[in-house]
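Undergrad: Next up is a structure, given as structure tokens.
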Amino acid sequence: MFQKITLLALILTVVSCQKKESVEKDKIKVADWLIGNWENTSPDGVLTENWQKLNDSTFSASSYFIKGKDTLHFESIILAQLGETLTYKATVKGQNDDKPVSFPSTSETDQKLVFENPKHDYPQKITYTKGANNTLTAEISGKLNGKPSSEKFVMTKK
């Protein structure tokens, strides 16, 4: 009898661990629509974000803003599912000693992802919204020098 109970407990432990791991990895699937190459061309230059899936729980992206032959902004991004939370980690060249800044998700839907870090200088909030006709809007917002500020970047999938 004791052996049967021990075996049953062992099986339940293995099954529950496997189920939890697959549930955790499922959360990042809500962001699958980010995967691909996105671009915005304006008189100021060309903004490009290239998103790829690294594995079941991690996406990565490179974001560039180029004017002519000059790269004015370069950022590498990791979107990872850590436990039950999606975390957006941005590393901006020339900022924060080139170390990543984390923005945990505060909302995820099939159409919108919201990441916030109230302790960061600027931005404190990053939002990605899926639009019609293969568009995506990236918005950064928060307080800049004590005043509310926001910038929107509408990109088209290439």
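The values are calculated or read from the model by the stated rules, or taken from the named source; none is laboratory data. Given the structure is predicted, the values throughout are model-derived calculations rather than measurements. Every residue, glycine among them, receives a Cβ derived from its backbone with ideal geometry; neighbour counts consider all protein chains shown. These accessible areas exclude ligands, DNA and RNA; they are computed on the full protein's heavy atoms, side chains included. Shrake-Rupley method; radii C 1.70, N 1.55, O 1.52, S 1.80 Å.
Undergrad: Taking a threshold of 18 Å on the Cα-Cα distance, which of the pairs Lys27/Lys125; Lys67/Lys147; Lys119/Lys147; Lys29/Lys93 fall above it? Walk me through the numbers before you get to the answer.
TA: Numbers: Lys27/Lys125 20 Å; Lys67/Lys147 28 Å; Lys119/Lys147 15 Å; Lys29/Lys93 28 Å.
Lys27/Lys125; Lys67/Lys147; Lys29/Lys93, as the Cα separations exceed 18 Å there.
Undergrad: Please identify every one of the chymotrypsin sites (Phe, Trp or Tyr not before Pro) in segment 60-142 that sits in a loop by DSSP and has no more than 12 other beta carbons within 10 Å of its own beta carbon. Display every interim value, and only then the final one.
TA: Values: sites: Tyr64, Phe65, Phe74, Tyr88, Phe115, Tyr128; in loops: none.
Hits after loop and neighbour filter: nothing returned.
Undergrad: Same structure, new question: Could you check the spin-label model distance between Ser107 and Leu144? Points 7 Å from the Cα along Cα→Cβ, value in nm.
TA: In this crude label model, Ser107 to Leu144 measures out at 2.2 nm.
Undergrad: Using just the Cα positions, wrap segment 15-158 in a convex hull and report its mean projected area in square nanometres, one decimal place.
TA: Approximately 9.8 nm², given one-decimal rounding.
Undergrad: Note down the net charge around Ala132, summing +1 for each Lys or Arg and -1 for each Asp or Glu among other residues with Cβ under 15 Å from its Cβ.
TA: Details: positive: Lys112, Lys130, Lys157; negative: Asp110.
Net charge in that neighbourhood comes out at +2.
Undergrad: Report the FRET efficiency, 1/(1 + (r/R0)^6), for Thr71 and Lys29, where r is their Cβ-Cβ distance and R0 is 25 Å, rounded to 0.05. Please list the in-between numbers first.
TA: Numbers: r = 32 Å, r/R0 = 1.29.
Here the calculated transfer efficiency is 0.20.
Undergrad: Using the Cβ atoms and a cut-off under 12 Å, what net charge is assigned to the surroundings of Ser149, where Lys and Arg are +1 and Asp and Glu are -1?
TA: On the way: positive: Lys125, Lys143, Lys147, Lys152; negative: Asp121, Glu139, Glu151.
Result for the local shell: +1.
Undergrad: Solvent-accessible area of Ser149, probe 1.4 Å, all protein chains present, reported in Å² to the nearest ten, please.
TA: 40
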